[in-house]
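The values are calculated or read from the model by the stated rules, or taken from the named source; none is laboratory data. Since this is a predicted model, take the numbers as computed values, not measurements. No Cβ is skipped: glycine too gets one built from the backbone with ideal geometry, and neighbour counts run over all protein chains shown.
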2 protein chains.
Amino acid sequence: MDALPDQGFSLGRSERRRIRSGGFTGPTSGLAPGNVQANLVVLPHALANDFLRFAQANPKPCPVLAVSEPGDPTFPMLARDLDIRTDLPRYRVWRNGELAEEPTEVKHVWREDLVSFAIGCSFSFEEALIEDGIEVRHIACGRNVPMYRTSIPCVSAGVFHGPLVVSMRPLKPADAIRAVQITSRFPSVHGAPVHLGMPEMIGINNIDKPDYGDAVPIGPDELPVFWACGVTPQAAVAAVKPEFCITHAPGSMLITDLRNTRLAAL
Amino acid sequence: MDALPDQGFSLGRSERRRIRSGGFTGPTSGLAPGNVQANLVVLPHALANDFLRFAQANPKPCPVLAVSEPGDPTFPMLARDLDIRTDLPRYRVWRNGELAEEPTEVKHVWREDLVSFAIGCSFSFEEALIEDGIEVRHIACGRNVPMYRTSIPCVSAGVFHGPLVVSMRPLKPADAIRAVQITSRFPSVHGAPVHLGMPEMIGINNIDKPDYGDAVPIGPDELPVFWACGVTPQAAVAAVKPEFCITHAPGSMLITDLRNTRLAAL
């Protein structure tokens, strides 16, 4: 994660320019292939320190890729010409915990006390799984990944608390073992699975009824494999009902110049 | 695996001297803690090339740590003063596939055409699991590890063929994930598991009736996790019924000067 590679920069910049100009407002899956995409959480400075401590204490669901200076709408570590206020296709603006609007830019609500967090996203490790020849079921089905609130509590920090939320991908046992190896290389995008095989042990009583996203079929020769999920910090923020907050709209991620392979620990 | 460390040498040498002098004829588990112990297979030169090709084609069950020169009873890569003919507590001598004797040394049957193979053993990765705080059930129960013939065929080479034999350790799901990470670091001692969770998928129909070793209890919150096992090459040799063969007696391993940590790939 030292220098931003030119290949990632040119891929990321062209997509960000298209989005910034209003030319694209859809989901970012598949854009700038190979580039890291990130979850966005923007909070007033007064809450940002607690949130950073919450993320630090719960690194598997909340892997922080970058934190901005207060009021600064750039992420120089992640992209050379990025404007946090315009470069995502769609945002969600929250006031006192209620969804206030879903705009395509947030310049009109920007404040000098806002701190932005870019949080790792499973797109990066899913790309590595697919590259290895492993089918990622929800992608093969054209659905959203199934996500579940578990009975595992996060470590609380300041006002932030809540359950660990997990995403699930069904895999044959040998592929599950391979997926542990592959995703262990990517600690900054949720890393290795947190559980596999026995959903009831982590408080998931109906695998066919995810709390977020879409159900996917699980074959008789497959195990459900669970990874910590970036919805965890979003749910923790929602529970706090901050007076003001901006997030990405679901599926509408921050496209960086980092290459996914640069996140590999080994 | 470059230089043999002094610590491993002094631990290994004192145990080998005790064994060589006839002062110890039992199982080697727990001797020279931290030193690599190995399976031994000794074959006439005429069969050795086929056996080496079989091992090369099946590296998970047959990880070769060292191969001797024909007739040479030393393994300079594994230990500085080792004599293959005297330094194991107990041997098995096979003639035409039949167990002929179980002596405590094999000088009286040694031949100039014999090639020795040292094959990695699960003791090394079990030590790493225990070091990490993971209970290894058969050790906790004071039993032999349960082993099963699977429906997965090995790749044949020359006269050698046979099924993959696996060992099983029951683990809670989170420990199973951690065990994949830990044992992936040790490719020369069977590496990552080959299967977990669904024994029937690999032809194991009664987990309580292992083909070798002892059954162990599996908790309702545990998955059976399966590793490729060093009994695989022994079973392949047994099927060939070579005119002459020497192996270690079960549990009576070759103690080397290598430290287990030196086998870690990462």
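Residues in the stretch A:55-69 that are hydroxyl-bearing (Ser, Thr, Tyr) and under 16 Å from residue A:160 (Cβ atoms): 0 in all.
So that you can scan it fast, the table gives a plain yes or no per residue for (1) more than 20 Å from residue A:51 (Cα to Cα); (2) of a type in the set (A, V, I, L, M); (3) in a loop (DSSP other than H, G, I, E, B); (4) at pLDDT 95 or above:
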position: A:226; (1), (2), (3), (4): yes, no, no, yes
position: A:238; (1), (2), (3), (4): no, yes, no, no
position: A:251; (1), (2), (3), (4): yes, no, yes, no
position: A:262; (1), (2), (3), (4): yes, no, no, no
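Restricting the stretch A:198-222 to residues that are within 14 Å of another protein chain (Cβ to nearest Cβ) and assigned to a loop (DSSP other than H, G, I, E, B) leaves a set whose member that is surrounded by the most Cβ atoms within 10 Å (Cβ to Cβ) is A:204.
Could you count how many residues in the stretch B:74-104 are under 17 Å from residue B:251 (Cβ atoms) and not in a strand (DSSP E or B)? Residues that pass the stated criteria total 7. Restricting attention to the stretch A:1-31, the residues that are among the hydroxyl-bearing types (Ser, Thr, Tyr), in contact (Cβ under 8 Å) with a residue 24 or more places away in the chain and more than 23 Å from residue A:106 (Cα to Cα) total 0. Does residue A:249 fit the bill of being outside the structural domain of residue A:58 (by TED's automatic domain parsing), closer than 18 Å to residue A:123 by Cα and either buried (at least 18 other Cβ atoms within 10 Å of the Cβ) or within 12 Å of the chain's Cα centre (by Cα) (or both)? So residue A:249 fails the test.
Of all residues in the stretch B:158-176, those satisfying the criterion of being at the interface with another protein chain (Cβ under 9 Å from one of its Cβ atoms) and in a helix (DSSP H, G or I) are B:173, B:174, B:176. When the stretch B:111-161 is limited to residues that are hydroxyl-bearing (Ser, Thr, Tyr) and closer than 26 Å to residue B:200 by Cα, the one that is surrounded by the most Cβ atoms within 10 Å (Cβ to Cβ) turns out to be B:148. For the stretch A:180-197, taking the residues that are without any contact (Cβ under 8 Å) to a residue 60 or more places away in the chain and of a type outside the set (Ser, Thr, Tyr), the one that is nearest to residue A:263 (Cα to Cα) is identified as A:182. With respect to (1) touching a residue at least 24 places away in the same chain (Cβ under 8 Å); (2) more than 18 Å from the chain's Cα centre (by Cα); (3) buried (at least 17 other Cβ atoms within 10 Å of the Cβ), the lone exception for residue A:177 is condition (1).
Scanning the stretch B:177-197 for residues that are in a helix (DSSP H, G or I) and at the interface with chain A (Cβ under 7 Å from one of its Cβ atoms) gives B:177, B:180, B:181, B:184. Restricting attention to the stretch A:39-60, the residues that are surrounded by 16 or more Cβ atoms within 10 Å (Cβ to Cβ) and either among the polar types (S, T, N, Q) or not assigned by TED's automatic domain parsing to the domain that holds residue A:114 (or both) add up to 2. Among the residues of the stretch A:223-232, some residue qualifies, meaning at least one is in contact with a strand residue (DSSP E or B) (Cβ under 8 Å, 6 or more places away or on another chain), closer than 25 Å to residue B:60 by Cβ, within 14 Å of chain B (Cβ to nearest Cβ) and free of Cβ contacts under 8 Å to residues at least 60 places away in the same chain. Within the stretch B:36-58, take every residue that is among the aliphatic types (A, V, I, L, M) and assigned to a helix (DSSP H, G or I) and give me the one that is farthest from residue B:11 (Cα to Cα). Here the answer is B:46.
Scanning the stretch B:140-157 for residues that are out of contact with any Leu (no Cβ under 8 Å at 6 or more places or on another chain) and either free of Cβ contacts under 8 Å to residues at least 40 places away in the same chain or in a loop (DSSP other than H, G, I, E, B) (or both) returns B:140, B:141, B:142, B:143, B:144, B:145, B:146, B:155, B:156. Among the residues here, residue B:112 does not qualify as free of Cβ contacts under 8 Å to residues at least 12 places away in the same chain and among the acidic types (Asp, Glu).
Within the stretch B:32-86, the set of residues being under 21 Å from residue B:231 (Cα atoms) and among the acidic types (Asp, Glu) comprises B:50 only. Only one of the numbered conditions (1) of a type in the set (A, V, I, L, M, F, W, C); (2) outside any strand (DSSP E or B); (3) over 23 Å from residue A:26 (Cβ atoms) is violated by residue A:117, and that is (2).
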